[in-house]
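The block underneath contains the structure these notes are about, expressed in structure tokens.
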Ligand code: ARG
């Protein structure tokens, strides 16, 4: 594990040092180094500093250039315009830095020295309910954040806060008690090995039947309400029935996560019910500290800034006037658990933006109660809505929520067709076609979700998602497979760095982009922004395309050139594959 400083950071340090000795009174100032079209980098920070020190910016820039230690890294540095610095790094420094990356399993990406513990709340479907595209977003974005954070050295605790508690269970359980064979596998003509699909259809049938009875029959309604009280009081028979719903739902959840090529562990599923024992205490603490007050019998937290349409303050209701606890009490208890027992420094919630008000209120309440503070912060990684082709929230033609499984199956079907078209040329077996179809189809769905900033809505457009051109996962997967295919065609030729060679412009551009991988990962982690990593990978593939146009590998002009180019594309393949795996997307060797 050897972390490799990027060229950008070496240049930055050198310029900053020269700046400090040219203008000591400015202290350690940021030279504001950026990638640039004019040279490799441009430093823009001198202008503002000179202005502040009432110095001439061009003169200051010139002094910086004169005092700079180039250290074999900087090939050329010149003052331009009113006082910018244009900086070109040495070809040798690029290849040597990349060689150091290639020698490291982590590609030279450093571990964050300030890493702590993050509890991330994601992939939280609801028991006895079908999963929809909203659950897809939480699962996909959350899983990517887990990988990205772990790669930076963060300790990550996963929490799947499934909806497994609440009044609807009174209705479901009561129905099951009155119709005891409805969840029997024999009743559904099922043998022992039950599929997720079958589990969901059982649950759906029960849900519909109990709902119908609940709406039609006042006496059943009363019995169902009493059943909720039994459940919350921990009555054994009631709990056993409830557990059957949870178990049946888990069969279904696991089948969907499996389709999504996602690993979910049972121990990380801690649903709303998991905090049941804490609810009374949470309310007591809030009431005793005065954070929450009784209002019309309910326990409420008030905020000046959140008002309803009538101008009256909208409180967060922690306990209802009938004594029942809701979503807020559970989330507040979960915060106490995650901070107190799991010792989190950061709490991240990958949840639909439409729940933002809830989380603002919950976080503010926790702050007032002292459970969140400067050392422990909470963040909602809020995501936007998935839209249909018509730009409206995604629905079936009949106006129903689209089943996630149907979408995934269709994505895999389409992707398999795309893979099959090229299969002969690449020499894929039927088994490889099927496997790649899954990787491409599921990758396409994940990438579409991850490649725009999470907070934005996006259109679910399968045609676009599996397209070979443009910003899609398939494009990236092909870029990877193409490298592997070139390598297979040059057996026995080493991928060897040759720092003595001069680099072509496309090689430099590819090399400098490869060198910035670690910084992008760090940004994506710090800002909870997986789309930054997706954008980086797309640019990487684009640099690779430009490189192929200008720098032949198979027909390279000399043996050294060929080895050096193989070295460059091998590191590109490894970076692509690592980056994609952080996003939860596979990179097949042959495509
Ligand atoms: N189950 C909820 C839903 O489907 C999401 C849960 C989000 N997490 C939380 N801690 N409230 O909308």
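The values are calculated or read from the model by the stated rules, or taken from the named source; none is laboratory data. Remember, it's a predicted structure, so these values are computed and weren't measured experimentally. For neighbour counting, all protein chains shown are included, and Cβ atoms are generated from backbone atoms with ideal geometry for every residue, glycine included.
Can residue 48 be described as at pLDDT below 95, over 30 Å from residue 267 (Cα atoms) and under 39 Å from the mean Cα position of the chain (by Cα)? Talk me through it step by step, then tell me what you get.
Values: at pLDDT below 95: yes; over 30 Å from residue 267 (Cα atoms): yes; under 39 Å from the mean Cα position of the chain (by Cα): yes.
Answer is yes for this residue.
Any chance you could count how many residues in the range 515-570 are part of a loop (DSSP other than H, G, I, E, B) and under 28 Å from the mean Cα position of the chain (by Cα)? Outline the logic, then answer.
If we filter the range 515-570 for residues that are part of a loop (DSSP other than H, G, I, E, B), which is where we start, we get 516, 527-529, 551-558.
Remaining after also requiring under 28 Å from the mean Cα position of the chain (by Cα): 516, 527-529.
Selection size over the range 515-570: 4.
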message = Looking only at residues that are more than 15 Å from residue 281 (Cα to Cα) and surrounded by 19 or more Cβ atoms within 10 Å (Cβ to Cβ) in the range 321-340, which one is nearest to the ligand (Cβ to nearest atom)?
response = 338
inquiry  = As an exercise: evaluate residue 316 against (1) free of Cβ contacts under 8 Å to residues at least 60 places away in the same chain; (2) touching a helix residue (DSSP H, G or I) at 6+ places or on another chain (Cβ under 7 Å); (3) within 12 Å of the ligand (Cβ to nearest atom) and give the number of the one condition it does not meet.
reply    = (3)
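Give me the residue from the range 383-398 that is under 22 Å from residue 142 (Cα atoms) and crowded, with 16+ Cβ neighbours inside 10 Å and, out of that set, farthest from the ligand (Cβ to nearest atom).
387
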remark   = For the range 362-382 the number of residues that are touching a strand residue (DSSP E or B) at 6+ places or on another chain (Cβ under 6 Å), within 12 Å of the ligand (Cβ to nearest atom) and touching a residue at least 40 places away in the same chain (Cβ under 8 Å) is 2
task = Count, please, the residues in the range 115-140 that happen to be in contact (Cβ under 8 Å) with a residue 60 or more places away in the chain, under 22 Å from residue 376 (Cα atoms) and more than 12 Å from the ligand (Cβ to nearest atom).
result = 3
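Please note which helices (runs of 4 or more DSSP H) are completely contained in the range 236-344 and include at least 3 residues that are within 30 Å of residue 583 (Cα to Cα).
Values: elements: 236-259, 279-288, 327-336.
Output list reads 236-259, 327-336.
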Number of the condition not met by residue 406 [criteria: (1) surrounded by 15 or more Cβ atoms within 10 Å (Cβ to Cβ); (2) at pLDDT below 95; (3) more than 24 Å from residue 524 (Cα to Cα)] = (1)
message = Between 173, 177, which is surrounded by fewer than 18 Cβ atoms within 10 Å (Cβ to Cβ), more than 21 Å from residue 123 (Cβ to Cβ) and touching a residue at least 12 places away in the same chain (Cβ under 8 Å)?
response = 177
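Somewhere in the range 460-467, is a residue buried (at least 20 other Cβ atoms within 10 Å of the Cβ) and within 12 Å of residue 415 (Cβ to Cβ)?
First pass over the range 460-467, keeping only residues buried (at least 20 other Cβ atoms within 10 Å of the Cβ): 465-466.
Okay, now just the ones that are also within 12 Å of residue 415 (Cβ to Cβ), so 465-466.
Looking through the range 460-467, at least one residue is buried (at least 20 other Cβ atoms within 10 Å of the Cβ) and within 12 Å of residue 415 (Cβ to Cβ).
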task = May I ask you to list the residues in the range 110-130 that are crowded, with 21+ Cβ neighbours inside 10 Å and farther than 30 Å from residue 258 by Cα?
result = none
ask   = Within the range 144-167, can you find the residues that are within 16 Å of the ligand (Cβ to nearest atom), part of a helix (DSSP H, G or I) and either touching a helix residue (DSSP H, G or I) at 6+ places or on another chain (Cβ under 7 Å) or under 14 Å from residue 125 (Cβ atoms) (or both)?
value = 145
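Tell me the residue from 343, 360 that is at positive phi and surrounded by fewer than 21 Cβ atoms within 10 Å (Cβ to Cβ), please.
Being at positive phi and surrounded by fewer than 21 Cβ atoms within 10 Å (Cβ to Cβ) holds for just one of 343, 360, which is 343.
Only one residue in 454, 495, 479 is touching a helix residue (DSSP H, G or I) at 6+ places or on another chain (Cβ under 6 Å), at pLDDT 95 or above, assigned to a loop (DSSP other than H, G, I, E, B) and closer than 27 Å to residue 425 by Cβ, so which one is that? Show your work before the answer.
Working: 454 fails: closer than 27 Å to residue 425 by Cβ; 479 fails: assigned to a loop (DSSP other than H, G, I, E, B).
The conditions single out 495.
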ask   = Any idea which of (1) assigned to a loop (DSSP other than H, G, I, E, B); (2) surrounded by fewer than 19 Cβ atoms within 10 Å (Cβ to Cβ); (3) over 29 Å from the mean Cα position of the chain (by Cα); (4) in contact (Cβ under 8 Å) with a residue 40 or more places away in the chain is the one residue 184 doesn't satisfy?
value = (4)
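Residue check: is residue 311 free of Cβ contacts under 8 Å to residues at least 40 places away in the same chain and closer than 20 Å to residue 374 by Cα? Reasoning before the result, please.
Values: free of Cβ contacts under 8 Å to residues at least 40 places away in the same chain: yes; closer than 20 Å to residue 374 by Cα: no.
So residue 311 fails the test.
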